[in-house]
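Visitor: Okay, here's the structure, questions in a sec.
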Amino acid sequence: MSPRAVGATQHELSRIGLLATLPGETLARLAQRMTREDIPAGAGVFDEGEDGDRFYVVLSGMLTVSQQSIGAQAVLRPGDYFGEVALAMHMPRTASVRALTPATVASCDQATFDEFIRPLFADD
């Protein structure tokens with residue numbers, strides 16, 4: 001993966017269902033703290049069992065989620081997010097994620113996740 005200096009834009013994040021409820025100013029602050037990464041087709045984002053230190057949103061492309069015990073589980077598309085379980089529960093990654101097509105994701109670290117995103121799960 002190749003990180004780019006530019007983060008996600010507020011507009012891009014507003015298209016992520018989970019984040020769409022955040023006020024504009026909050027979304028803008030979150031966008032500044034996210035890192036944009038291009039992932040070539042076939043490349044892995046992370047593997048099941050690894051320590052989880054980042055939360056991801058899909059900006060473009062398609063990625064596959066799989067577990068060693070049951071194989072492919074889901075296809076992620078623009079607007080989807082992943083990586084929240086490891087951060088929210090402080091546990092290793094529960095699945096592997098690989099790019100099916102060239103993809104662009106934006107990600108944030110644990111502190112940013114805790115400040116901006118974790119509260120969104122409290123309502124569930």
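What follows is calculated from the coordinates using simple rules that are stated; it is not laboratory data. The structure displayed is predicted, hence computed values, not measured ones. All Cβ positions, even for glycine, are placed from backbone atoms using ideal geometry, and neighbour counts span all protein chains on display.
Visitor: Report the convex hull volume per residue for the chain, counting only C-alpha atoms, in Å³.
Guide: So the per-residue hull volume is 98 Å³.
Visitor: Turning to a different aspect of this structure: Arrange Tyr81, Tyr56 by Cβ neighbour counts within 10 Å, fewest through most, would you?
Guide: Going from sparsest to densest Cβ surroundings: Tyr81, Tyr56.
Visitor: Can you compute the charge dipole magnitude of the chain about its Cα centre, using +1 on each Lys and Arg Cβ and -1 on each Asp and Glu Cβ, nothing else charged? Give it in debye, rounded to the nearest 20.
Guide: That gives the chain a dipole magnitude of about 360 debye.
Visitor: Sorted from largest down, what three extents in whole angstroms do the Cα atoms of the range 60-124 have along their principal axes?
Guide: That gives 31, 28, 21 Å along the principal axes, largest extent first.
Visitor: Also, I was wondering about something else. Rounded to the nearest 500, what is the 222 nm mean residue ellipticity of the chain from helices alone, with -39500 (n - 2.57) per DSSP H run of 4+ residues and division by all residues?
Guide: The helix-only estimate for the chain comes to -4500 deg cm²/dmol at 222 nm.
Visitor: In degrees, nearest 10, range 0 to 90: what is the angle between the Cα axis of helix 24-33 and the longest Cα principal axis of the chain?
Guide: 50 degrees
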